[in-house]
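A short write-up of the structure that comes next.
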Amino acid sequence: MNGIRARVRGKIKKLIDRLLVDRWVFFLLKKIGLRKAKIDLFHLLYYNSGKTTYGNTYWMGTAVEKNPCDLWIYQEIIYELKPDFIIECGTQKGGSAFYFASLFDLIGNGQIITIDINGKISRPVHHRITYLTGSSTSPEIVSQVKELTRNGSTILVSLDSDHSMNHVLKELNVYSELVTPGSYIVVEDSNINGHPVFPQSGPGPMEAIYQFLNVNKKFKIDKAKEKFLFTFNPNGYLKRIE
């Protein structure tokens, strides 16, 4: 008898949980609109599946902690601009730097300067990649980056290090000055702090973007770079227009 009661209680709990989920989905659809809700729900599914990014997406055997849709957008930007340098803040395992270097091999131009506070990780060796160890906003690192890229006529920047708002805003203020007109500074992972993932993470890249654009009129959000609908960098493709 106790076993039957337990099974019945279990079924009732599942039904209640399902009703709560359905109510939440209905509220979400009504609140933000069907199209955006679909995108956000897929985004949440992708993030929480445990089978996609963060150690399970690879470029030629090296982990790349980025959304494949965003990697494709980077490819289009790189082919269009053929930058002399990509400055990357946040190296991690070096997968995205290796990806950029491979694209540069195909177009026959470009170098990557990539910065991380951790210099002890084993990373891909490539003649187009220069690894710098330190904080991306420290005077020493900024000075090195300026020296290395001083002859670059086209410079692209990718921000993917500490995602706290204050740090991202510092990076934006420092590295936006190195971005050449017509090129981009890409603010990664602006999807956190509830945009739509990790709602409890606190102010991050998205909030830094808003503050930066409030005072810097040389850049604008390029929504065309979100054409695949699913991006880790909503409002994060900032194009220098002057």
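Most simply put, segment 58-240 has about 30% antiparallel DSSP beta bridges, counting only bridges with both residues inside it. Connecting C-alpha atoms closer than 10 Å in a GNM of the chain, tell me which of Gly61, Gly152, Gly202 has the biggest fluctuation. Comparing Gly61, Gly152, Gly202 in a Gaussian network model of the chain, the most mobile one is Gly61.
Computed over the chain, the P(r) tail beyond 22 angstrom holds 57 percent of alpha carbon pairs. Each of Glu171, Glu177 was scored by other Cβ atoms within 10 Å of its Cβ. Arranged with the fewest first, they read Glu177, Glu171. Suppose only helical runs count, i.e. DSSP H with n ≥ 4. What mean residue ellipticity at 222 nm does that imply for the chain under -39500 (n - 2.57) per run, divided by all residues and rounded to the nearest 500 deg cm²/dmol? The helix contribution divided over the chain gives -14000 deg cm²/dmol. Does segment 184-242 come out rounded, prolate or oblate, given a ≥ b ≥ c as the square roots of the eigenvalues of its C-alpha gyration tensor, rounded meaning a/c under 1.5 and, failing that, prolate meaning a/b above b/c? Oblate. Projecting each Cα onto the charge dipole of segment 58-240 (Lys/Arg +1, Asp/Glu -1 at the beta carbon, about the Cα centre), which of Val168, Ile185, Asn67 comes out farthest on the positive side? Toward the positive end, the furthest listed residue is Ile185.
Put +1 on the Cβ of each Lys and Arg and -1 on the Cβ of each Asp and Glu in the chain; which of Ser122, Ser138, Phe228 then has its Cα farthest toward the positive end of the dipole? Value: Phe228.
Between Tyr210 and Phe230, the modelled label-to-label distance comes to 2.7 nm, taking each label 7 Å out from Cα in the direction of the beta carbon.
Short-range pairs are left out: with C-alpha atoms under 8 Å and at least six residues apart, the relative contact order of segment 97-242 is 19 percent. The Asn48 and Asn166 beta-carbon pair, evaluated with R₀ = 25 Å, returns a calculated FRET efficiency of approximately 0.35. Summing +1 for each Lys or Arg and -1 for each Asp or Glu, what net charge is found among the other residues whose Cβ lies under 9 Å from the Cβ of Ile185? Residues near Ile185 contribute +1 overall. Counting neighbouring Cβ atoms within 10 Å and putting the fewest first, the residues Asp162, Asp105 line up as Asp105, Asp162. With 26 Å as the limit on Cα-Cα distance, the pairs of Lys82/Lys120; Lys82/Lys227; Lys170/Lys239; Lys120/Lys220; Lys38/Lys82 that go past it are Lys82/Lys120; Lys120/Lys220; Lys38/Lys82.
Strictly greater than 26 Å: what percent of every Cα pair in segment 113-242 meets that? Tail fraction, whole percent: 23.
If only the Cβ of Lys and Arg carry +1 and only the Cβ of Asp and Glu carry -1, the dipole of the chain around its Cα centre is close to 1620 debye.
Here r is the Cβ-Cβ distance between His127 and Lys38 and R0 is 41 Å; the resulting FRET efficiency, rounded to 0.05, is 0.40. Among Ile73, Ile107, Ile141, the order by Cβ neighbours within 10 angstrom, fewest to most, reads Ile107, Ile141, Ile73.
Only the coordinates and a few stated rules stand behind these numbers; no lab work does. Please read these numbers as outputs of a predicted model, since none were measured by experiment. Reconstructed Cβ throughout: ideal geometry from the backbone, glycine too, with neighbour counts over all protein chains shown.
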